[in-house]
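Everything on this sheet refers to the single structure shown next.
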Amino acid sequence: MTTNKVWNTYAEDLRYFILSKVKDAVITEDILQDTFIKVHTKLHTLKDESKLKPWLFSVARYTLLDYFKATKHT
C-alpha cells in the first residue's frame with residue numbers, strides 16, 4: 001500500500017478524529033500533515049495490512065500527544 005492510497009482512504013477519518021481533540025481547523029491540518037509524514041516514513045514497517053487503520057490512529061494519537069506536550073495543553 002502506498003502513502004497516497006492511505007491518504008485517499010483514511011485522511012478524512014483522521015481529520016475528524018484530530019479535529020475532535022483540538023477543536024481548531026488550522027491546527028488539525030498541521031497535525032494531520034505531521035501524522036502523514038510519520039506514516040510515509042514508517043509505512044514499510046507495518047507487516048499486517050489488516051492492522052493499518054488502528055496503526056494510523058495510533059500514529060495520530062501520538063502526534064496529538066506530541067502537540068499537547070509542546071504547547072502544554074491539558
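The values are calculated or read from the model by the stated rules, or taken from the named source; none is laboratory data. Keep in mind that what you see is a predicted model, and the values were worked out from it rather than measured. Cβ coordinates were reconstructed from backbone atoms using ideal geometry, including for glycine residues, and neighbour counts include every protein chain displayed. Protein only, heavy atoms only, side chains kept; ligands, DNA and RNA dropped before computing areas. Shrake-Rupley method; radii C 1.70, N 1.55, O 1.52, S 1.80 Å.
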note = Within segment 50-65, the count of residues that are farther than 16 Å from LYS23 by Cα and surrounded by 11 or more Cβ atoms within 10 Å (Cβ to Cβ) comes to 9
task = Filter segment 46-55 for residues that are over 16 Å from the mean Cα position of the chain (by Cα) and either under 14 Å from ASN4 (Cβ atoms) or assigned to a helix (DSSP H, G or I) (or both) and give the result.
result = GLU49, SER50
inquiry  = What are the pairs with Cβ atoms under 6 angstrom where one residue, in segment 21-39, is farther than 14 Å from ASN4 by Cα and the other, located anywhere, is hydroxyl-bearing (Ser, Thr, Tyr)? Sequence gap at least six, or different chains.
reply    = VAL22/THR28; ILE31/THR63; ILE31/TYR67; ASP34/THR63
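For the subset of segment 27-44 comprising residues that are among the polar types (S, T, N, Q) and over 13 Å from ASP13 (Cα atoms), which member is most open to solvent (accessible area, probe 1.4 Å)? Outline the logic, then answer.
Step one: of segment 27-44, the residues among the polar types (S, T, N, Q) are 28, 33, 35, 41.
Okay, now just the ones that are also over 13 Å from ASP13 (Cα atoms), so 33, 41.
Numbers: GLN33: 90, THR41: 74 Å².
If we take residues in segment 27-44 being among the polar types (S, T, N, Q) and over 13 Å from ASP13 (Cα atoms), then GLN33 is most open to solvent (accessible area, probe 1.4 Å).
Conditions tested, residue by residue: (1) modelled with pLDDT of 95 or more; (2) in a helix (DSSP H, G or I); (3) within 8 Å of the chain's Cα centre (by Cα).
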| residue | (1), (2), (3) |
| --- | --- |
| LEU19 | yes, yes, no |
| GLU29 | yes, yes, no |
| LEU32 | yes, yes, yes |
| HIS44 | no, yes, no |
| PHE57 | yes, yes, yes |
